[in-house]
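The values are calculated or read from the model by the stated rules, or taken from the named source; none is laboratory data. This structure is a prediction, so every number in the text was calculated from the model and none was measured. Note that each Cβ is placed from the backbone with ideal geometry, even for glycine, and that neighbours are counted across all protein chains shown.
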Amino acid sequence: MNYNKHYYKAILILSDGTKYYGWSLIKSKLSLGEVVFNTGTTGYQEIITDPSYAGQIITFTYPEIGNTGINTEDDESNKIHVKGIISKNICTRPSNWQQTTSFTEYLRNNKIPHIFGIDTRSLTKHLRNHGVMSGCIYNEVLNQNTMEDIVKNLSLKKEINLVDQVTTNRLYRINPRLYTKSTYSYLKYKTTTNHGKNLSIAVLDLGLKNNILSRLTNHGCNITVVPADSDYDLINTLKPDGFVLSNGPGDPSLLKTIIKNVKQITELSNIPILGICMGHQILSLAFNCKTFKLKFGHRGLNHPTGMNQKTEITSQNHGFAVELSSQISNNLAITHFNLNDSTIAGIIHKNKPIFSVQYHPEASPGPHDSDYLFYNFIQLIKIHKLKANTHK
């Protein structure tokens, strides 16, 4: 790449004082965030617009991003949530039939803080060895005192409630035509059968991805999205056939009100519930389990999960996991483990129509191994409704 006058010098500073020098396409202000890494070979547009990445600076381990440009279909939300992007190389001549703009134009137009031209392999190994940490991207030349002050402030950075920053502030209903995609037409459970027709689903927005709505609308469901702080009274008023707890960013243990509300919903109603990623963690906490922070998280497109000689290749994006405790065996059964580190990746309640997974069944990184979970959720709703009608 020709580093000419169109590029600006950039620096990445980590909270432990480690520094990396590279380049940027824009001259941006100081951007602070948690520096993490994603091992996917594609999906950069989805990552940048995924609310689960709020507050984070993303290191792409794949050596070059931007090859397929940017299109109008793959955004996971209507805004950019990342605090910054780190890459070895950025493609300046993308080629893809869906492309509407280049990745370089996207970075410039949206003024996304970024740094490229650094050794991302070295950075990733550093994060694996020492754990993810706070960091910043800057374009100004810094003196030693200024850098020391930045490092000191980064080390004092606390965990904050990020869900409040990304959730909707009002209830709204989904127009299925805006979310139904033809790209899933070849899947086993084709949605032309309207498998979930006339079923109403409430979705708790903890940092909701568009693809969750897409999968539910493709099954024919009627969807109402509700704010993260929605309580039992609101859900009971809506009287949905099913309830989905979405993905979201940050530390789930900080969400005391949301955990309390979900706990009350599980105790006072018998509604079928599906938890996805953050939703999985919130459900677990509502059932008195505990969560812990992973050293460097699970972020990528090819994480194996499973149990009893059955494996799924899944898309994952989280920095926390559920602890293995007595509560798991008392009320909950484990359905999936992450086969890389044996952390819990899926649970099901023994007495209630509730299950959840720590990964993203709505994602489509190539394999669609876990898409069946939406079909199973709808089947669970139908069985539950049939039993309820029988007992009337």
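Points worth noting:
- Matching option when the condition is in the same structural domain as Tyr53 (by TED's automatic domain parsing), more than 23 Å from Glu46 (Cα to Cα) and among the basic types (Lys, Arg), among Arg128, Arg93: Arg128
- The residues of the stretch 40-83 that are acidic (Asp, Glu) and over 15 Å from the mean Cα position of the chain (by Cα), listed by number, are Glu64, Glu73.
- Candidate set: the stretch 127-142, residues that are in contact with a helix residue (DSSP H, G or I) (Cβ under 9 Å, 6 or more places away or on another chain) and over 21 Å from Phe296 (Cα atoms); chosen: the one modelled with the lowest pLDDT: Leu142
- Restricting the stretch 375-391 to residues that are over 33 Å from the mean Cα position of the chain (by Cα) and of a type in the set (A, V, I, L, M, F, W, C), the residue that is farthest from Gly220 (Cα to Cα): Ala388
- Of the candidates Thr39, Thr92, the single residue that is in contact (Cβ under 8 Å) with a residue 40 or more places away in the chain, touching a helix residue (DSSP H, G or I) at 6+ places or on another chain (Cβ under 8 Å) and surrounded by fewer than 19 Cβ atoms within 10 Å (Cβ to Cβ) is Thr92.
- The set of residues in the stretch 300-332 being over 16 Å from Ser356 (Cα atoms) and either touching a residue at least 60 places away in the same chain (Cβ under 8 Å) or out of contact with any Leu (no Cβ under 9 Å at 6 or more places or on another chain) (or both) consists of Gly300, Leu301, Asn302, Asn308, Gln309, Lys310, Gly319, Ser325, Ser326, Asn330.
- The set of residues in the stretch 342-358 that are in contact with a strand residue (DSSP E or B) (Cβ under 8 Å, 6 or more places away or on another chain), without any contact (Cβ under 8 Å) to a residue 60 or more places away in the chain and part of a loop (DSSP other than H, G, I, E, B) comprises Thr343, Lys350.
- The single residue among Thr124, Thr167 that is out of contact with any helix residue (DSSP H, G or I) (no Cβ under 7 Å at 6 or more places or on another chain), at pLDDT 95 or above and under 30 Å from Val225 (Cβ atoms) turns out to be Thr167.
- For the stretch 56-72, the criterion of being touching a Leu at 6+ places or on another chain (Cβ under 7 Å), closer than 23 Å to Ile313 by Cα and not assigned by TED's automatic domain parsing to the domain that holds Pro367 is met by at least one residue.
- The condition of being in contact with a Leu (Cβ under 7 Å, 6 or more places away or on another chain) and either within 23 Å of Tyr8 (Cα to Cα) or modelled with pLDDT of 75 or more (or both) holds for only one of Asn161, Asn145, that being Asn161.
- Residues in the stretch 258-295 that are surrounded by 23 or more Cβ atoms within 10 Å (Cβ to Cβ) and either part of a strand (DSSP E or B) or not assigned by TED's automatic domain parsing to the domain that holds Asp341 (or both): Ile273, Leu274, Gly275, Ile276.
- Total residues in the stretch 245-257, condition in a loop (DSSP other than H, G, I, E, B) and touching a residue at least 60 places away in the same chain (Cβ under 8 Å): 6
- For Thr335, the conditions (1) in contact (Cβ under 8 Å) with a residue 40 or more places away in the chain; (2) in contact with a strand residue (DSSP E or B) (Cβ under 8 Å, 6 or more places away or on another chain); (3) not in a loop (DSSP other than H, G, I, E, B) all hold with the exception of (1).
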